[in-house]
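The values are calculated or read from the model by the stated rules, or taken from the named source; none is laboratory data. Note that the coordinates shown come from a computational prediction; the quantities given were computed from them, not determined experimentally. In this analysis, Cβ positions are derived from the backbone assuming ideal geometry, glycine residues included, and neighbour counts consider all displayed protein chains. Ligands, DNA and RNA are stripped out before the accessible areas are found, and what is left, the full protein with its side chains, is counted by its heavy atoms. Shrake-Rupley method; radii C 1.70, N 1.55, O 1.52, S 1.80 Å.
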Amino acid sequence: MAPGDPLSKTVFLSLRLTARLLFTLGAVYALTAQQHFDHGGTPTALCLSVCAAGLFAEDLLQGGYRWDRAVFAHIAVHPGVNARQTARAVDIAEKVVPRSLDRFACDGIVAAENEANGRSHRSFRLAP
């Protein structure tokens, strides 16, 4: 991977796995420390669990940003596409793309076309 390249999917998968493993390890350590009356170990384990939960939450938040960025980039390059076409092109679940598009439309970033054909057939382009 060259400098400036986006991180690969493997790296993001390992981050998700790491956060879950750290959370599990912290929870198990907290239970073990409590059973052995280790008063220093319990807060340490709980802190580890809270930090891992924060990493997991941050990963979920960043995932949403990555999806939004991919949807926005696709619409910028291919004006007039609908949500289904965009989802297939950027390899995102079809239920995620309309949420991104609705947010963009509310913010005035994209404009919907062909609204007479119904919500599912709307096409989008960047707003002027």
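General observations
- Pairs meeting the criteria (first residue in segment 24-52 and among the polar types (S, T, N, Q), second residue open to solvent by 70 Å² or more (accessible area, probe 1.4 Å), beta carbons under 6 Å, at least 6 apart or on different chains) are Thr42/Gln34; Ser49/Phe23.
- Subset of segment 53-103 [without any contact (Cβ under 8 Å) to a residue 40 or more places away in the chain and of a type in the set (S, T, N, Q)]: Gln62, Gln85, Thr86, Ser100
- Only a single item in (1) in a helix (DSSP H, G or I); (2) farther than 29 Å from Arg99 by Cβ is not met by Phe37, and it is number (1).
- The residue that is modelled with the highest pLDDT, counting only those in segment 79-104 that are of a type in the set (Gly, Ala, Ser) and out of contact with any Lys or Arg (no Cβ under 9 Å at 6 or more places or on another chain), is Ala89.
- Residues that are within 25 Å of the chain's Cα centre (by Cα) and either open to solvent by less than 80 Å² (accessible area, probe 1.4 Å) or modelled with pLDDT under 75 (or both), drawn from segment 25-54: Gly26, Ala27, Cys47, Leu48, Ser49, Cys51, Ala52, Ala53, Gly54
- Hits in segment 73-89 (condition: buried (at least 19 other Cβ atoms within 10 Å of the Cβ) and within 10 Å of Leu126 (Cα to Cα)): Ile75
- Segment 90-112, residues that are small (Gly, Ala, Ser) and either open to solvent by less than 40 Å² (accessible area, probe 1.4 Å) or part of a helix (DSSP H, G or I) (or both): Ser100, Ala105, Ala111, Ala112
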